[in-house]
There are 2 protein chains.
Amino acid sequence: MSDHPFYPRDLVLEGYVPVTWSIQAIFAAFGAVVAAVVAVVWLLSGRCKVTAVERWIMCWWAVTGLIHLLLEGYFSLNPRFYQYMSKDFFTDVWKEYSMGDSRYAARDAFVVSMESVTAFVEGPGSLVALYAIATKASYREPLQLAVSLGQLYGDVLYFATCFLEGFVHAAPGAQYFWLYFVFMNSIWVVIPGLIFVRSWRRMCLHTRAADDHLKAA
Amino acid sequence: MSDHPFYPRDLVLEGYVPVTWSIQAIFAAFGAVVAAVVAVVWLLSGRCKVTAVERWIMCWWAVTGLIHLLLEGYFSLNPRFYQYMSKDFFTDVWKEYSMGDSRYAARDAFVVSMESVTAFVEGPGSLVALYAIATKASYREPLQLAVSLGQLYGDVLYFATCFLEGFVHAAPGAQYFWLYFVFMNSIWVVIPGLIFVRSWRRMCLHTRAADDHLKAA
């Protein structure tokens, strides 16, 4: 008999300490922090010479950067989170998410590698992207393209490995499949996909302008 | 007892058919094809208005694109290659490489996902990059940056998962560690890394020129 709630049921994990936050409380706290970050970045970005679309993109980089650095960074650095007695938010987020994908608790090599790159490369990269838009830095387009592609590729591999492994790491239930697996991960396909296309197009325009300028000179 | 030569020795794989090409023959054939592709692309690229550095980069895109599409595409589409009786090059390359990493024969979900993206996204992307340089297409820099970053990220995850799993999938021997794991995979860190930096810098220059142009206007 397993002393943990994760799937597959024959997964061996010693010393699981049950989750204390309800799923409603986790989403409420998460939603409140995201709303606060968006509000602060939206207000501050009003002082920059940027379009409304760019202000929304700045909000995205702030939110996704903080999620990468704090939440995914916590996961990366705490291999035994499922044994923790502490009732803090970070521990319980990962205990809860592991219901949808036990590879997080079981320290699957791909999940740990991908999450560590996401936390410590794409996390800082997202915050630098926010700064780059605000200051109109010349590297703003390649940086946004690179971080978005990293998010997209990591997520594609995440979906593909779950599929190839036959979803054996998810507990049964629509909540785990549709809310955790499909919905939450889709966010990091759709938004990075849109930003990737936007940065790609802008870089093509800039390159064409540079080529024309060279031809004319 | 295992009836296959792969590690770890308790890996269960039925119906292994031994490799027929020697490692020397594999490298000689591979080297000859790479040399031929480089020679053809180098000669043909002389007709394009490109620099010598760009001609070398075109050779790289041809070689890496064909490796992705043909070799890695073959792996992606042939889950049971280690059971094949055929003595063709492609089968034996993967039987041999699986000595250095049995996850290829065992159809590890991460390896299959990463190799499939490499084969069918980065493979065609590499050949389009070759065409884009030859024709000075406006998307040549973001495309090269994106394909290089994909190669780089896939390889970083490859190195990281091998490390986290303690190299249990490699047969003992310096050849497997230094030649297969370190040397061969390093190529796809070093060259994509250089091209990534090159495209990044060029895009920054183009963006700065576009910004200056807008300011002056």
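Values as computed for the structure displayed
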{"item": "Calculated from backbone phi, Karplus (6.51, -1.76, 1.60) coupling profile of the range A:27-37 in Hz, x at Gly/Pro", "result": "5, 5, 5, 4, x, 5, 5, 4, 4, 5, 5"}
{"item": "Folded to 0 to 90 degrees: helix B:140-164 orientation relative to chain B principal axis, Cα", "result": "30 degrees"}
{"item": "Chain A - mean residue ellipticity at 222 nm from DSSP helices (-39,500 (n - 2.57) per run, n ≥ 4, rounded to 500)", "result": "-20500 deg cm²/dmol"}
{"item": "With DNA, RNA and ligands ignored, accessible area of residue B:22 (1.4 Å probe; Å², nearest 10)", "result": "50 Å²"}
{"item": "For the range A:172-182, 3J(HN,Hα) per residue [Karplus equation, 6.51 cos²θ - 1.76 cosθ + 1.60, θ = phi - 60°, Hz, x = Gly/Pro]", "result": "x, x, 4, 4, 6, 6, 7, 7, 6, 6, 6"}
{"item": "Contact order relative to length of the range B:59-108, as percent, for alpha carbon pairs under 8 angstrom and 6 or more apart", "result": "29 percent"}
{"item": "Average Cα contact separation per residue, chain A, under 8 Å, 6 or more apart, as relative contact order %", "result": "23 percent"}
{"item": "Per-peptide average of other Cβ atoms within 10 Å, ordering B:42-48, A:68-74 highest first", "result": "A:68-74, B:42-48"}
{"item": "Peptide-level mean, for A:109-119, of C-beta atoms on other protein chains within 10 Å", "result": "5"}
{"item": "For residues of B:134-142, the mean tally of beta carbons on other chains within 10 Å", "result": "6"}
{"item": "Qualifying aspartates and glutamates (Cα of each under 15 Å from Cα of residue A:87; at least 8 residues distant if same chain)", "result": "A:96"}
{"item": "Label 7 Å beyond Cα on the Cβ vector: residue B:37 copy-to-copy distances, nm", "result": "4.2"}
{"item": "Mean separation of Cα contacts under 8 Å (6+ apart) over length of the range A:45-164, as relative contact order %", "result": "33 percent"}
{"item": "Using alpha-carbon coordinates, inclination of helix B:52-66 to the longest axis of chain B, degrees", "result": "40 degrees"}
{"item": "For the protein assembly as shown, accessible area per residue (1.4 Å probe, heavy atoms of protein chains only), Å²", "result": "47 Å²"}
{"item": "The range B:149-217, accessible surface, carbon-and-sulfur percent (1.4 angstrom probe)", "result": "74 percent"}
{"item": "Spatially proximal aspartates and glutamates relative to residue A:49 (Cα-Cα < 20 Å; intrachain offsets below 8 disregarded)", "result": "A:141, B:211, B:212"}
{"item": "Anisotropy class of the range B:63-181 from Cα gyration tensor, a/c 1.5 cut", "result": "prolate"}
{"item": "Net charge of neighbours whose Cβ lies under 12 Å from the Cβ of residue A:30, counting Lys and Arg as +1 and Asp and Glu as -1", "result": "-2"}
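The values are calculated or read from the model by the stated rules, or taken from the named source; none is laboratory data. Quantities reported herein were computed from a predicted structural model and do not represent experimental measurements. Every residue, glycine as well, gets a Cβ built from its backbone with ideal geometry; the counts of neighbours run over all protein chains shown. Side chains are part of the model used for accessible areas, which takes the heavy atoms of the whole protein and leaves out ligands, DNA and RNA. Shrake-Rupley method; radii C 1.70, N 1.55, O 1.52, S 1.80 Å.
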